[in-house]
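Below you'll find the structure, written out as structure tokens, and then a few comments.
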Amino acid sequence: MIYEQIIHDLDEIIGNNKTSENVYNTFEFAKKTIQNKDVVIEINPKINPELDNKLANSILGGMYFSKNKSGVPTLIFGQEYLDTYSENSSIHYIVLMHEFRHLYDYFLNQTSFFKSNEKEKFQYELNAVNIEGEFIKYYLAGKYNLSECEDYILQSYEKDNLDSWTIANRKESADIFRILNNLEREYKQNIISKEQLIDKLIQKADQLLSKADKFLNLYDVYNANGKDIFSRYGHFIRIKTFEKYLKYIFNGESEMREILMKYPEFNNRFNMIHYLLSQHDQANALYSSSLDNYFDDNCVNG
Ligand SMILES: [Zn+2]
């Protein structure tokens, strides 16, 4: 089976190289669960049209980790992913390492993993994206001719802690997520008061809103010229990420509502953000899908 060949070839690359313990341990762990049949392998099952479409046409999204109908953890390989494999195609190993990290996190958190809320899901996603960066840096760079997409991941890993790669590929900002996580921790550990938290959130919102005049409109996307279009997209994704994960700082939606009522200054920003997101959503979604196509077309080297 091709997938066995891919795992075997990846095993050759990693070998006894423990430069990244994260990569090494994750791989060894995943390999064992497959050998022990704690994880089932499936090839291109028809699960749902959205996933099938991705599986059929993409290498980057061409396989994933899930559980099957009987609740057994499963690695699902799409046909396109398998068909395009060659020994020199390092992107296949990167995609596999990403899913192996999900598998690893699943076994660490078996009862909660598939019940994760959006915030927990993105944390798992960051774990998996981070292993892509580490794997490229310590196991592929200098040995493989990196594709444009792989080089992009490596640059992002080294220069901006994967913020630009998560913006481009996951449509969320790792930086903003980390900022909100830190504020949540400080607030819940009583390092900062509620008033201080609100002040900091207003400050952050103002900083993000100050870029609102740069948010993309449909006209900009259709007439895309110049390099700044990605950074303009990034401004939108940052504010979108801010809006999405804000509520997790508080103890549920009810505390969030209470706070919005109590702090009109904060409420104003929140409403403004909502409005701007709805105004620019379509244009950014369009640009985002063109990014997906770009990275998928440029993920194989040579
Ligand atoms: Zn993932």
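FYI, it's all coordinate maths here, none of it is from the lab. Values in this document were obtained by computation on a predicted structure and should not be read as measured data. Here Cβ is always computed from backbone atoms with ideal geometry, including for glycine, and neighbour counts include all displayed protein chains.
Overview of results
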quantity: Relative contact order (%) - region 174-296, alpha-carbon pairs under 8 angstrom, separation at least six; calculated: 35 percent
quantity: Max mean-square fluctuation residue, GNM over the chain, Cα-Cα springs under 10 Å, options Q189, Q123, Q207; calculated: Q189
quantity: Distance from region 14-33 to region 225-284 (C-alpha centre basis), Å; calculated: 39 Å
quantity: FRET efficiency for N251 and K121, using Cβ-Cβ distance with R0 set to 22 Å, rounded to 0.05; calculated: 0.65
quantity: Nearest-ten-degree value, helix 2-14 long axis tilted from longest Cα axis of the chain; calculated: 80 degrees
quantity: Region 77-103 and region 165-210: distance between their alpha carbon centers, rounded to Å; calculated: 34 Å
quantity: Neighbour-count order for D105, D228, fewest beta carbons within 10 angstrom listed first; calculated: D228, D105
quantity: Per-residue Cβ neighbour rank within 10 angstrom, fewest leading, L146, L216; calculated: L146, L216
quantity: Between 0 and 90°, nearest 10: helix 252-262 axis offset from the chain longest Cα axis; calculated: 20 degrees
quantity: Size descriptor, Kirkwood hydrodynamic radius, that averages inverse alpha-carbon separations across region 2-126, Å; calculated: 15.0 Å
quantity: Length-normalised contact order for region 2-126 - Cα pairs under 8 Å, 6+ apart - percent; calculated: 24 percent
quantity: Gained length - Q207 relative to M272, 0.36 nm times residue gap less alpha-carbon distance; calculated: 22.1 nm
quantity: Beta bridge orientation in the chain: antiparallel %, DSSP, nearest 5; calculated: 50 percent
quantity: Derived scalar couplings ³J(HN,Hα) [region 107-112; Karplus, 6.51 cos²θ - 1.76 cosθ + 1.60; whole Hz; x for Gly, Pro]; calculated: 5, 6, 9, 4, 7, 10
quantity: Helix 118-135 axis, angle to the chain major axis (alpha carbon atoms, nearest 10°); calculated: 50 degrees
quantity: Most mobile of F135, F215, F270 in a GNM of the chain (Cα contacts under 10 Å); calculated: F270
quantity: Sequence-separation-based contact order of the chain, relative, with Cα cut under 8 Å and 6+ spacing, percent; calculated: 17 percent
